[in-house]
Amino acid sequence: MISTATETRLEAVAQLNDRCRQGFDRTAKIVMTRACLGALSNGTLASEAIAQAHVLQALRRYTFPADCPERDHGQFELSGETIHFRIDYYDASLEWGSEDPADASVTRRVLTLMLREDL
């Protein structure tokens, strides 16, 4: 049985992760590996921009399964590719891991979009 304090903390982390994934967290970074971008575009600047837009749209529409309470990782299909993502928690200077991912004032989120081979 999970304690109420743990449930509250998990929900706080999940809500902050949702803000990151939706693009509402100004301190968060969203990055995509070159392999992921290359698999979804033909290498031109225009096709890369379109690929990025499609990936972000799919990411924002992603529905998490019940077994992912922090909503910090997942995968989805796009243009025949399986795109994986995860959110990592860092301190404000992006040097070390965050001491408290539930506290937005001390945590910076980095969401990485990648292919399986990038894992």
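Quick notes on this one:
- Meets criteria (within 30 Å of Thr6 (Cβ to Cβ) and not small (Gly, Ala, Ser)) for Leu40: no
- Subset of the stretch 32-77 (residues that are more than 19 Å from Arg109 (Cβ to Cβ) and among the small types (Gly, Ala, Ser)): Ala35, Gly38, Ala39, Ser41, Gly43, Ala46, Ser47, Ala49, Ala51, Ala53, Ala66
- For first residues located in the stretch 84-103 and under 24 Å from Cys36 (Cβ atoms), partners that are modelled with pLDDT under 95 and surrounded by fewer than 16 Cβ atoms within 10 Å (Cβ to Cβ) and lie 6+ apart or on another chain with Cβ distances below 7 Å form the pairs His84/Leu119.
- Residue in the stretch 47-58 that is surrounded by 13 or more Cβ atoms within 10 Å (Cβ to Cβ), modelled with pLDDT of 95 or more and within 30 Å of Glu7 (Cα to Cα) present: yes
- Candidate set: the stretch 59-89, residues that are loosely packed, with under 13 Cβ neighbours inside 10 Å and charged (D, E, K, R); chosen: the one nearest to Phe24 (Cα to Cα): Arg60
- Candidates Ala39, Ala92, Ala104: the one that is within 30 Å of Thr8 (Cβ to Cβ), surrounded by 11 or more Cβ atoms within 10 Å (Cβ to Cβ) and more than 17 Å from the chain's Cα centre (by Cα) is Ala92.
- Options Glu81, Glu77; residue that is of a type in the set (Asp, Glu) and touching a Cys at 6+ places or on another chain (Cβ under 9 Å): Glu81
- Listed by first and then second residue, the pairs with beta-carbon distance under 8 Å, at least 6 apart or on different chains, first residue in the stretch 38-55 and farther than 20 Å from Glu117 by Cα, second part of a loop (DSSP other than H, G, I, E, B), are Ser47/Ser41; Ile50/Ser41; His54/Ser79.
- Counting residues in the stretch 14-22 that are closer than 16 Å to Leu115 by Cα and buried (at least 17 other Cβ atoms within 10 Å of the Cβ) gives zero.
The values are calculated or read from the model by the stated rules, or taken from the named source; none is laboratory data. Model, not experiment: these values are computed from the prediction. Reconstructed Cβ throughout: ideal geometry from the backbone, glycine too, with neighbour counts over all protein chains shown.
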